[in-house]
Every structure is written in C-alpha cells, then in structure tokens.
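> Sending over a structure as structure tokens; questions will come in a sec.
The values are calculated or read from the model by the stated rules, or taken from the named source; none is laboratory data. None of these values were measured; they are calculated from a predicted model. Cβ sites come from the backbone with ideal geometry, for glycine too, and all protein chains shown count toward neighbours. These area figures cover heavy atoms from the full protein model, side chains too; ligands, DNA and RNA do not enter into them. Shrake-Rupley method; radii C 1.70, N 1.55, O 1.52, S 1.80 Å.
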Amino acid sequence: MGAVEVHALRGVDLDLYAGEFVVLLGPSGSGKSTLLNILGGLDAPTTGTVRYLDHDLTKLDDAALTRYRREHVGFVFQFYNLIPSLTARENVELVSDISSRSMPAAEALALVGLSERGDHFPSQLSGGEQQRVAIARAVVKRPDVLLCDEPTGALDVKTGVSVLSALTRINTETGATTAVITHNVAIAAIADRVISLSGGRIASVVRNESKADPGSVAW
Amino acid sequence: MRALRRKLLRDVLRMWPQLLAAAAVMSCGVATLVMSISAIRSLETARDAYYERYRFPDVFAHLKRAPDSLGARIAEIDGVARVRTRVAVDVNLDVPGMSEPATGRLVSIPDNAPFGLSELHLRHGRMPSPDAPGEALASEPFAEAHGMRPGATLRAVINGRLDELTVVGVALSPEHVYQVRPGEVLPDDRRYGVLWMPERQLAPAFDMDGAFNDVILALSPTANEPAVIAALDRMTEEYGGAGAYGRRDQESDRFLRNELDELRTMSVLPPSIFLSATAFILAIVFSRVVRSQREQVATLRAFGYGRWTIAGHYLGMAFAVAVVGCVAGVAMGAAFGASVTDMYARFFRFPRFDFVLDGQGVLIGLMVGSGAAVAGVIGAALRAAALAPAEAMRPESPPDYRATMLERIGVHRLLGPAGRMALRRIERQPVRSALSCLGIGLAGAVLIVGGFAQGSVDEIMHFAFSVTQRQSATVTFVEPASPDAAHELKRLPGVLRSEPFRAVPARLRAGHRSRLQGVVGLPAGSALARVVDRDERPILLHGDGLVVTEILADLLDVREGDPIVIEVLEGQRPVLETTIARVAKGYVGTEAYMEIDALRRQLDEGAVVSGAHLDVDEAREEELYAWLKGAPRIAGVTIKAAALESFHDTIAENILRMRLFNMIFATVIAFGVVYNTARVAFAERAHELATLRVLGFTRTEASVVLLGELAALTVVAIPVGLLMGRGLAAFIASALGGETIRMPAQVNASTYVFAATVVAFATAVSGLVVRRRVDRLDLVEVLKTKG
C-alpha cells in the first residue's frame, strides 16, 4: 500500500513586511496552520525556500531553528499553553530569562493590562487573562515576528476582543511583524493585509485601506 | 468489539517499552516463585522416594555397649516394626595427600544386603567382603572430596592401632543425605566422612563381638514415637544409652527440613516484594493512561459501550503484561531452578535427584503473576469505567497551583523557573510525588534485600571465627581422659596454649520442652573458646548455672533465671536441676555451657577432660598434624582454618549464589520501576515540554526541566529506599531463622553503595532514554491541542 502524498500547501509565494499586521484567513484544511508552522521554524516545506532577513530557514538544523525561535519569534497558542505551575510573571520570565534583548516581565504584563495579576497562577485567571499572559510571554523578548494561532478560538467575543486589542497595541508599540491565523472572517478587518488560503493555495491577498479598531469587531 | 480489540492491540504496541518493563519485573517475581516451589518439590520428591526405598529409620539411639540379646528385647517394644543393631565409632583418619587428620565415622553393616533398615545405595565399586580384612565403603561426598576410586587406601586409628583400609566402593545412605560431623552445622567433606565395614571385621576390632553400641528402629504406622523412645531409653540406660531420638532430631533429616523451611519462606517473601513492585508500576502507568484517554473513554461510553467493557479493555492490557511476564518468569524459574538443584545436589546426596518443574508451582506462578497485574490495573480500570460520559468529554480542569510552603520562606528565590516548576509539581501532587519516590526507593530496597546476604555471611564468619572460636584446632579424645592428657597436648610441637573442655551428652528439659543437647564445660575466663553476650562482651562462667545460646533458648523457650533440668546421659547419669544463668549470642547451631569445675562436681568426677582447644603456632602446624594423625586416643581434630574454608566453599557459596539471582532480579526491578516512573513523568509533561521547545528552549534546557524533577525525587528516594531495604532485610532474616542458622540482618556498606549506585545509574539511563523522547517531541501538535 503506497502512501498517498497530501500537499498541505502548494505554490505559496508570500512576503511578510516588517511591522505589518497580517491575518491569514481560511477554513480548516486550507493550510494556514502549516504555513504558520513553517514561518515559526517548527516545520519545513518539502520543496521551496523560506527566508527570514538573510537566513534561509529551510537550510537550518534543529539547533539553529531553536535559536531562530528563541531570538526572533513569539508564539501565541489557541489554548494559551501556560505552564500551570508558574505564576503569570514567572511564565513571562520563562521566556525573558532565555532571550538577550527582552523587556522586564512587568512591562510585558503592563502591555496586556495585567500588571496587577503577575502573582496569580493560571488556574486563578480567566481564559482571556490567560491568553493575555500568553501574549505578554510572547512579546517580552521583543520578537521580530509574532505568530498567533487562533488566539481567540477558545474565547467568547468580549474576551476575544480584549485579546485582539492587546495584539494590535503590541504590533503598534513594538513594531513586531504580527501574523494571526483564524477562520474567523470578522477578525480580518483589523489587519493591514488579509491573506486568504484555500486548498493549500493563496486564494487572495487583500490590503485593508483602513484598519478597523478591534473594539468594533464582533462575531 | 473488534475495533476495541484493535485499539487494545495498538495501545499495547504503542506502550511496549513501559509494559515490557512491567512484565520484566513480574517475570522476576514469577521466576523466584516457580524456582522455590519447584526446588521444594524436587527435594521433597527425592527425599520421600529415598527414605521409602532405602528404609530410612524412625528412631535412633547410641549407647556404650550392649549385648546383642538386647536387640531382641528392643524388637518387642510395642510399635517397633524392625530393629537393626550395629557398631558405630568415630576414628582419626590419615588420608593420603592431606596433612591434617580427618575424622571418620565407621559404621558396621551386616554380611548381606538388604539390611532391613537404612540400606546403602552403591554408587561405584562393590560391597566389602565380610571375610576380607580392611575393606570398606566410603560415603560419596568424602570420596569425591579426595578423588577416591575403588581401590584407594587410607589409614585409620582403630582401637589404638593405625590400620590400613581399602575403599572397595562408594555409597550413599539415607542417614547422611546431608553429611556433617555430629554437633556441627557446616559440612566439611574433606575432613569428615562415613565408612561402612562388615560387622564381622569391625566388631572385634572394637571389642564389640556379640555386642552393639548403636541401634536404629522402624516403627509401625500406628506406633507412638515418644512412648517407643521412652521405652528404648529405659532399656538402654544400663548400657550407657545416650538418649534415643526420632527423625526430628536426626542431624541429616533436620538439616533437610530446615532447608525446606527456608525455601518455603523464600517462596513467599521475595516473590511478594517483586510482584508488589509489578502491581505498583502498573498502577502508576495505567492511572496515567486512563487520565490521558478520558475523552476516548467518554466517546466510547457515549457510543454505548458498557462500563464493564471499558474496565475489561484496560484489564486486557494487564493481561498482555501478565502473559509476557508469566511466560518469561516460568522459563527463567525453570533455568534458575535447574541451577539451584545442581547446587543442592552438592549438599544433599540422593541416589536420584532431578529438577522437577512443578506443575502446581507453575500454576501458582501464573495465578499470582496475573493477580499482580490485575491488582495493579484494577484501580485505573474501575476509574475509567466510572467516568460519566458527559463529564469525561470535558478535559480535566487545569491543575490548581499555589505558592508552596517552601516558597513562603523564600526558597524559590534560589531556584530558576525549572526548579520552581519541579518544586511546585512535587508539592502540588504530594501523593503522586510520594508514590514516585516510593517506587524508586522500592528499587533500592529490593537491591538491598538481594544483596544483604553478603553482609550476613561476613558477620557470621567474623563472629564464629574471630569473636568466639579463637582456637586454631580442637582435639577430642576417644574416652574422657585425665588432665594429664590435656597437659600432654600442651607439650606437642607448635602448641602455644591449651584449654581443656568437658563435654557430656545430655537431654535438657524446660517445662514440657526437651532437647538432646550436650553440655560443654569450659574454664572460667576461657580465652580460646569464648562465650559472649549480645553485645559480644565475654560471659564469665561461674557457679552451676547453664549458659545457652540464643537459638537454644528459643527452642526451649527459656530466659535468664528460668529453671532447667539437665539429664546427663553418661556415667552415673545424674539429673541436675539448675537455672539459665545467661543467654549467649550465637548465629549458628545450639550450645549449652557450664563452668568446667562446676560441671565436674555435678558429675561427681575428678578433673576429667573430653578434649582441648589449642592455639597453634602457624609455622609448626604441619608438624602437629602429623603427630595427631597417628595419636591413639584421639577421636577427632577440628581445624579452624579448615572450617573457615569449608564454610566458604559450602554455605557461603550457597547463600551467595542465591544472592546473585536476587541481585539480577533486583537490578531488573530497579530499572523497571525507575524507567516507568521517568516515562510517566515524561508523559504527564510532554505538552508542557513541547510548549517550552516552541518558546525557544533548547532540547537540553527542556530536558533539564524534566530530569531535574526526576533527579530531585531520586535524591530523596535513595535514602528512603536504603532504610526500607534494611527493614525488609531484617524481616526476611527473622523469617528465615531456623534451628541451624540464624541470619543476622547485617547490611554491608558496600551493599548500600551498590544499591544507591544501581538506582542512580537506572535513573540516569532512564533519564537519557526519556530525554531522547524530549528530542523527538512533536512541536506542531502542541499548537493544536489543549494540554
């Protein structure tokens, strides 16, 4: 029985520009997660190249990819993935401890509006608060690239909006290139550019003439 | 159900390293069980067949000299089925190729076989001819120890004359399955042997024409043994009877029974420990499995699978472990059992001794092994069965952490995030952490149980040969002699010091308990043969109180100050009423001591001696032995160095071979437990570790988070395990305490070091294996799933 080759992505040619806020939109199976994994150095394409500045990510080994993630990439997960045994501040410090140009953990928490909750453990925080801690953890290292995988997927609208506000603010204040993947069309309005994927291909790239305020978004 | 069975198969295949580790531990438990039960059955089968076919007697008695007519009267005692009278004497032997003298027990045999009682099994050669002078059969262990074949010669001091004997055959007797010098515990086949000679030759040589000094009886099935013994004692009293006794007190049979008792203990304790470890591992692994499969269970339940189907599913996995563990265990048990049987064949001589892989033992092994597997898994299986579908669909709520006790005092400032994570996990889940600690500790404990025999053997040796028996040699006279004889010994070449002793055969009675036990009279303040208390301080013998060793005190159920009756079975046969003055320390055999002059006063005799303990100048030993070999009045010489050597060659080897098996098992268990603990720790934290990797932690940094916790648990577990091991060793030692040897629960420093090292090594290896899994973590998966 031969293995059937399934292409998650094919023929993708895409540039992300410094400081822009991109939403990768598509239904499940469209290849958006695979694209994000490749951008984050977690997965490698079978063919083609991925360049970050003057580095070819496809040529890096595991140690170099780890270094790339450590120095340049911030991740925000759908399910937050906080370490339950560490407080909010310690979860942020987990990352600031290992990166060279990070900001103080308190500053990162302030960016997401959680200055007062640094000593709380994840189990003592609401879902939205947990996700904002995860965002603080992602941005504390001053990443060049902030990758967010369905950051509002597990949240209700109100909480989701507060998380999106935090992401927008960070994008503006730190200048990190921010890519948010979502199947939620409503979120597309807050992006600089909206890249729609379908069946592993880029279906369309739309530049928003004016970005909507996250507070005005609803779904 | 086919789909569920397929899931079971795939789960088993996916978890194979953990399940295999559990099965390996189980196989050790099953193997020890099968090995012990089979060894017991093999020994019992060989013994019963031998005793029956070769007519092992029921009652034994030794006396000074009685006319043959007494034999006919003995046969009339109610309950006596058969009687055989004979001549039995201990003589000094000069064996070619051996510098020191040996002791031979010469036993007369009728002209023609069968003898009616205690038949001989001829291994090689032929029976001695009744008319040919000096022909003898030698016991197999003695012949083997000297490489004697039919035709070999040796010299014996027979009634004061050195006569040449020719060994015409090699034989076995049911009375000497375990051949040991009377009164001793350890076999010394080079220096003690049994020789059988035709009555027509032996009796005249010892002035026993028409007389005998030894009698053995077979009883009818309805006989009352104590009544027969009492009647026999009354009949032989006037002929110097030294007290009749039954099989219970027959040396060889007692040793055999003792060994069977020890094997029975060994068939229970180590397998229980090993199988508990199996159940423990499975409990840890399967709690984890069920937790991680909550949603699968919920889905199955929602689809209509019943509770018992779910429980059965997990028990099915336990069954897979049981099948592998039991099959491997039975195979190992058979292999080790055969090796143990080989070893027994060197101590216990049977005409035929085969290893029997006992069917019942195998069945018990299978049942107990499966039982352990079920016991380990049942808790988790029932929890799975009890999950309500709706509840199980929801993932478990996130673990609730708080600042720990230690943090409130500021310890966390000293720790990095990894340290804090480890500390909080340990404190957050004290039960699980304690169980992991207990598991790793158990591995250390099992290693100590497997290895402590070395320390016990060392302690027995040290106590016997450095603390109490400080003499180089002990000489026993044929007949009690005058003090001149002892003084004469002092003038012999190389003798630096000579201390006389007086030994009399006796029966000790305390309350309703009694025991044939000789009493030894020693000079007060004896420097060579010392009697010491529990703290190894010398006991000064004085007055006519009796000092008994610990095992004897237990057998007679007496304590210091208790009254005791000594029925002396020699000379005037006085009955002495005295008290237990002290209880002396002793690991091996039973002894009763009295101050030598007090004993002589009680016997109403002068300065009579039975023998002497000698301190010998090492450089002149050979000279002394050469003299002793031909000495007419000497019945036996025991040499300390030789006794030490024989101890090493026999018992020590026996104990240490068992120790080797236990060590192998213990090491397997240590690895099994630690590996599974590490794997479960990994499984529980895989999601967290993958998150760390995505956040930019290197493989090493992520591993440190995991292995740091394992290391912390191991550091706590090792001392706990060593303490548990010490406790278990003491428990096993006390359970093994028999009439022959009482094992001291002495654990050597090297055993502790070994146990700690193996556990640390097992942790390191398990850590490395698990680390490889950290390297292979699926980082993409973590983005999609909830932890």
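> Could you pull out every one of the lysines with an alpha carbon less than 30 Å from that of A:LYS141, ignoring same-chain neighbours closer than 8 positions?
Straight-distance partners of A:LYS141: A:LYS32, A:LYS59, A:LYS158, A:LYS211, B:LYS784, B:LYS786.
> Grab the Cα-Cα distance for B:ALA527 and B:HIS512, subtract it from 0.36 nm times how many residues apart they are, and report the gain in nm with one decimal.
On the way: separation 15, 0.36 × 15 = 5.40 nm, distance 3.55 nm.
Separation in residues times 0.36 nm, less the Cα-Cα distance, equals 1.8 nm.
> Cβ under 13 Å from B:ASP615's Cβ, B:ASP615 left aside: what net charge do those residues give with Lys, Arg +1 and Asp, Glu -1?
Numbers: positive: B:ARG470, B:LYS490, B:ARG497, B:ARG530, B:ARG620, B:LYS640; negative: B:GLU499, B:ASP617, B:GLU618, B:GLU621.
Net of charged neighbours comes to +2.
> Sticking with this structure for a sec: Quick one: check the C-alpha center-to-center distance for region B:353-385 versus region A:82-99, whole angstrom.
47 Å
> Could you give me the percent of Cα pairs per 10 Å distance bin for region B:707-754, shortest bin first, beginning at zero and ending with the bin that holds the maximum distance?
24, 39, 24, 10, 3
> Hey, another quick one. Can you tell me how much longer the chain between B:GLU44 and B:ASP617 gets when fully stretched, taken as 0.36 nm per residue apart minus their C-alpha distance, in nm with one decimal?
On the way: separation 573, 0.36 × 573 = 206.28 nm, distance 4.63 nm.
Net length gain for the segment: 201.6 nm.
> Around B:PHE115, under 12 Å between beta carbons, what's the net of Lys plus Arg minus Asp minus Glu among the other residues? Write down the numbers at each step before the final one.
On the way: positive: B:ARG55, B:ARG82, B:ARG84, B:ARG86; negative: B:ASP111, B:GLU119, B:GLU175, B:GLU199.
So the environment of B:PHE115 carries a net charge of 0.
> Any idea how far the Cα center of region B:516-534 sits from the one of region B:232-283, in Å?
27 Å
> Count the DSSP beta bridges whose two residues both fall in region B:107-211, then state the antiparallel fraction as a percent rounded to the nearest 5. All intermediate terms of the calculation are to be shown ahead of the outcome.
On the way: 12 of 20 bridges.
For region B:107-211, the DSSP antiparallel bridge percentage is about 60.
> Could you compute the FRET efficiency for B:ALA335 and B:ALA641, with r as their C-beta to C-beta distance and R0 at 51 Å, rounded to 0.05? Numbers along the way, then the final one.
Working: r = 36 Å, r/R0 = 0.71.
Once rounded, the FRET efficiency stands at 0.90.
> Under a no-solvent Debye model with one identical scatterer per Cα of region A:102-144, what's log10 I(q)/I(0) at q = 0.18 Å⁻¹?
For region A:102-144, the Cα-only Debye profile gives -0.44.
> How much length, in nm to one decimal, is gained on full extension between B:GLU184 and B:ARG352, taken as 0.36 nm per residue of separation minus their Cα-Cα distance? All intermediate terms of the calculation are to be shown ahead of the outcome.
Details: separation 168, 0.36 × 168 = 60.48 nm, distance 2.60 nm.
Stretched out fully, the B:GLU184 to B:ARG352 stretch lengthens by 57.9 nm.
> Can you give the alpha-carbon Rg of region B:553-685 over 2.2 N^0.38 Å, where N counts its residues? Spell out each step's value before the answer.
On the way: Rg = 26.1 Å, N = 133, 2.2 N^0.38 = 14.1 Å.
This ratio for region B:553-685 stands at 1.85.
> Is region B:530-603 rounded, prolate or oblate when judged by the Cα gyration tensor, a ≥ b ≥ c being the square roots of its eigenvalues, rounded requiring a/c under 1.5 and prolate requiring a/b larger than b/c?
Numbers: a/c = 1.89, a/b = 1.50, b/c = 1.26.
It comes out prolate by the Cα gyration axes.
> Right, here's the next one. Hey, got the Cα dimensions of region A:65-117 along the principal axes, in Å, largest first?
34, 24, 18
> Just to verify a number: what accessible area does B:HIS648 come out at with the full protein assembly present, 1.4 Å probe, Å² rounded to tens?
Approximately 100 Å² of B:HIS648 is accessible to the 1.4 Å probe.
> I would also like to ask the following. If the only charges are +1 at each Lys and Arg Cβ and -1 at each Asp and Glu Cβ, what is the size of the charge dipole of the protein assembly as shown around the Cα centre, to the nearest 20 debye?
Values: 106 positive and 111 negative charges, 920 e Å.
Using only the charged Cβ atoms, the result is roughly 4420 debye.
> Hey, another quick one. State whether region B:443-578 is rounded, prolate or oblate according to the following rule on the C-alpha gyration tensor (a ≥ b ≥ c being the square roots of its eigenvalues): a/c under 1.5 gives rounded; otherwise a/b larger than b/c gives prolate, and the remaining case gives oblate.
Values: a/c = 2.31, a/b = 1.21, b/c = 1.90.
Oblate.
> So for region B:634-711, what percent of the C-alpha to C-alpha distances run longer than 13 Å?
Details: 2317 of 3003 pairs.
For region B:634-711, the share of Cα pairs beyond 13 Å comes to 77 percent.
> Further question on the same structure: From the phi of every residue in region A:63-78, what ³J(HN,Hα) in whole Hz does the Karplus formula 6.51 cos²θ - 1.76 cosθ + 1.60 yield, where θ is phi - 60° and glycine or proline is x?
Once θ is set to phi - 60°, the couplings for region A:63-78 become 5, 5, 5, 4, 5, 4, 5, 5, 8, 10, 10, x, 10, 10, 9, 4 Hz.
> While we're looking at this one, here's another question. Starting from the coordinates of the alpha-carbon atoms of chain B, obtain the Kirkwood hydrodynamic radius over all distinct pairs and give the value in Å to one decimal. Don't skip to the end; give the middle numbers.
On the way: mean 1/r = 0.0330 Å⁻¹.
Answer for chain B: a Kirkwood hydrodynamic radius of 30.3 Å.
> Also, quick follow-up: I'd like the distance between the alpha-carbon centres of region B:82-108 and region B:720-787, rounded to an integer number of Å.
Taking the Cα centre of each part, region B:82-108 and region B:720-787 sit 52 Å apart.
> Once the mean 1/r over all distinct Cα pairs of region B:184-227 is inverted, what Kirkwood radius in angstroms do you read off?
Numbers: mean 1/r = 0.0705 Å⁻¹.
It is 14.2 Å.
> If you don't mind, there's one more thing I want to ask. Note down the nm distance, to one decimal, between modelled labels 7 Å out along Cα→Cβ at B:SER482 and at B:LEU414.
The modelled label-to-label distance comes out at 8.1 nm.
> Please report the Cα spread of chain A along all three principal axes, rounded to whole Å, starting with the longest.
Largest first, chain A extends 53, 41, 38 Å along its Cα principal axes.
> If you don't mind, there's one more thing I want to ask. How would B:PHE319, B:PHE463 line up by accessible area, probe 1.4 Å, largest first? Please report the intermediate quantities before stating the final value.
Working: B:PHE319 135, B:PHE463 10 Å².
Largest accessible area first, the list is B:PHE319, B:PHE463.
> Counting only DSSP beta bridges with both residues in the protein assembly as shown, what percent are antiparallel, rounded to the nearest 5?
Around 70 percent of the beta bridges assigned by DSSP in the protein assembly as shown are antiparallel ones.
> Also, quick follow-up: I want the local charge near B:HIS146. Using Cβ-Cβ distances under 14 Å, sum +1 for each Lys or Arg and -1 for each Asp or Glu among the other residues. Mind showing how you got there, number by number?
On the way: positive: B:ARG149, B:ARG155, B:ARG190, B:ARG191; negative: B:ASP94, B:GLU100, B:GLU140, B:GLU144, B:ASP188, B:ASP189.
Charge balance near B:HIS146 sits at -2.
> In Å and from the alpha-carbon atoms only, list the Rg and Dmax of region B:428-479.
For region B:428-479, the Cα radius of gyration and maximum Cα-Cα distance read 22.4, 78 Å.
> When a/c is below 1.5 the answer is rounded, else prolate if a/b is larger than b/c, else oblate, so apply that to region B:53-161 with a ≥ b ≥ c taken from the square roots of the Cα gyration tensor eigenvalues. Intermediate results must be reported in sequence, preceding the final value.
Numbers: a/c = 2.22, a/b = 1.68, b/c = 1.32.
Judged from the Cα gyration tensor, region B:53-161 comes out prolate (a/c at least 1.5, a/b above b/c).
> Extent of region B:1-55 along each principal axis, from alpha carbon coordinates, in Å, largest to smallest?
Result for region B:1-55: principal-axis Cα extents of 64, 24, 8 Å.
> From largest to smallest, what semi-axes in whole angstrom does region B:107-264 give when each is the square root of 5 times an eigenvalue of its alpha carbon gyration tensor?
27, 22, 15
> Any idea how far apart A:THR49 and A:SER216 come out in nm if each label point goes 7 Å out from Cα toward Cβ?
Using points 7 Å along Cα→Cβ, the separation is 4.1 nm.
> Could you tell me the calculated FRET efficiency between B:SER220 and B:ALA345, based on Cβ-Cβ distance and R0 = 35 angstrom, to the nearest 0.05?
Details: r = 33 Å, r/R0 = 0.95.
Efficiency for this residue pair is about 0.55.
> When the helices in chain A are scored as -39500 (n - 2.57) per DSSP H run of 4 or longer and the sum is shared across all residues, what 222 nm value do you end up with, to the nearest 500 deg cm²/dmol?
Details: 6 runs with 66 residues, N = 219.
Helix contribution divided over all residues of chain A: -9000 deg cm²/dmol.
> Moving to a separate point now. Sorted by accessible area with a 1.4 angstrom probe, largest first, how do A:LYS59, B:LYS629, A:LYS211, B:LYS640 fall? Intermediate results must be reported in sequence, preceding the final value.
On the way: A:LYS59 165, B:LYS629 30, A:LYS211 90, B:LYS640 50 Å².
Accessible-area ranking of A:LYS59, B:LYS629, A:LYS211, B:LYS640, largest first: A:LYS59, A:LYS211, B:LYS640, B:LYS629.
> In nm, to one decimal, how far is the modelled label at A:ALA106 from the one at B:ALA711, with both set 7 Å along Cα→Cβ?
Computed distance between label sites A:ALA106 and B:ALA711 equals 3.2 nm.
> A further question on this structure: Report ³J(HN,Hα) in whole Hz for each residue of region B:154-167, in order, from the Karplus equation J = 6.51 cos²θ - 1.76 cosθ + 1.60 where θ = phi - 60°; Gly and Pro get x.
In residue order, the calculated couplings are 8, 10, 10, 7, 10, 6, x, 10, 8, 10, 8, 10, 10, 7 Hz.
> Shifting gears a bit: For the protein assembly as shown, count all C-alpha to C-alpha pairs, find those more than 56 Å apart, and express that count as a whole percent of the total. Could the numbers behind the result be given before it?
Numbers: 196128 of 505515 pairs.
Percent of Cα pairs beyond 56 Å in the protein assembly as shown: 39.
> Here is a follow-up. Please list, by residue number, everything in region B:172-207 whose backbone N is under 16 Å from a paramagnetic label point 7 Å out along Cα→Cβ of B:LEU122.
Only B:172-173, B:196-199 pass the distance filter.
> Can you give the alpha-carbon Rg of region B:270-391 over 2.2 N^0.38 Å, where N counts its residues? Walk me through the numbers before you get to the answer.
Numbers: Rg = 20.0 Å, N = 122, 2.2 N^0.38 = 13.7 Å.
Normalised Rg, Cα atoms only: 1.46.
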